[in-house]
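The values are calculated or read from the model by the stated rules, or taken from the named source; none is laboratory data. Everything numeric in this text was worked out from a predicted model, so none of it was measured. Cβ placement follows ideal geometry from the backbone for every residue including glycine, while neighbour counts extend to all protein chains displayed. Each accessible area value is taken on the protein alone, full model and side chains, heavy atoms only, with ligands, DNA and RNA left out. Shrake-Rupley method; radii C 1.70, N 1.55, O 1.52, S 1.80 Å.
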Amino acid sequence: MRQIFDAELKQVGDDLAEMSRLVEQAIVKAGTALLTADIELAQQVVAQDQAIDELERDLDERCVLLLAQQQPVATDLRIVVSALRISSSLERMGDLARHIAQVARGRYPRHAVTGDLQATFAQMNDAAVRVARRVTTLLTTRDLTVAHNIERDDDLLDTLHQDTFAALLGTGWTGTPQETVDVTLLGRYYERFGDHGESVARRMLYLVTGAFEEARP
């Protein structure tokens, strides 16, 4: 029975890693679509989000069955509970990448972000891609140094998000109402993407240490 349970736990871990890789691909494509007005990439992100959703449903069902049939305790219970929380965060990260792609698609053939804010969103996208890649690394290695780096990138996303507000409220902003809405939404999507990455980092800290800790060293 223990061998079967261990195999199930391994499959849960493999599914989380696969979800994370799909999220990583999604944010890379969504950011490129946004910054280059590439409608084909935007459509790919929207269509492929279903695969992330399906993985989450399958993984959650497997975890619920493990809880019901195996009644895990201690470390095993932490693994299953953490997997449920992490899958939820990954699914939301996939949704946020899809939202970014939908904004890019909706403004095609124009760019959704123009002027000086293009540089800001390029930085936000770089930070979000780093978060996604580091989440994948964290899930496969459980290296807590990676968790600390995820939180630093999340801090940068928070700062850049504030920069978008400063730009919108500044006297130099001349964007249309639609451009104002797009910048507001896009900044929020990227900021929340970082928050969910940080949530995964904190959950992995709990999984590894058994305690809720600050992700900073």
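From helices alone, the chain scores -31000 deg cm²/dmol at 222 nm; the rule is -39500 (n - 2.57) for each run of n ≥ 4 DSSP H residues, then divide by the residue total.
The shape of the range 149-193 comes out oblate: with a ≥ b ≥ c from the C-alpha gyration tensor, a/c is at least 1.5 while a/b does not beat b/c.
Assign unit charges at the C-beta atoms only (+1 for Lys and Arg, -1 for Asp and Glu), then state the dipole size of the range 1-119 relative to its Cα centre in Debye, rounded to the nearest 20.
In total the dipole reaches around 320 debye.
Give the angle, between 0 and 90 degrees and rounded to the nearest 10, that separates the Cα long axis of helix 2-36 from the longest principal axis of the Cα atoms of the chain. Helix 2-36 and the main axis of the chain meet at about 0 degrees.
Compared with the dominant Cα axis of the chain, that is its longest principal axis, helix 177-209 is turned about 20°.
Between helix 144-169 and the chain there is an angle of about 30 degrees, using the helix long axis and the longest principal axis of the Cα atoms. Rounded to 0.05, the FRET efficiency of the residue 5 and residue 209 pair, given R0 = 25 Å and the Cβ-Cβ distance, is 0.65. (i) 23; (ii) 18; (iii) 8: which one is percent of Cα pairs over 32 Å apart as calculated from this entry? It is the value labelled (i). Net charge of the neighbourhood of residue 37, taken over other residues with C-beta under 12 Å away and scored Lys/Arg +1, Asp/Glu -1, is +1. The charge dipole of the range 153-217, taken about its Cα centre with unit charges on the Cβ atoms of Lys, Arg (+1), Asp and Glu (-1) only, comes to about 160 debye. Determine the shape class of the range 53-94: with a ≥ b ≥ c the square roots of the Cα gyration tensor eigenvalues, call it rounded for a/c under 1.5, and otherwise prolate if a/b is greater than b/c, oblate otherwise. Oblate, since a/c reaches 1.5 and b/c is not below a/b. Computed extension gain for residue 118 through residue 159, at 0.36 nm per residue and net of the alpha carbon distance, reaches 13.2 nm.
Counting only protein heavy atoms and a 1.4 Å probe, the chain has 48 square angstrom of accessible area per residue.
Of the solvent-accessible surface of the range 3-99, computed with a 1.4 Å probe over protein heavy atoms with every protein chain present, carbon and sulfur atoms account for 50 percent.
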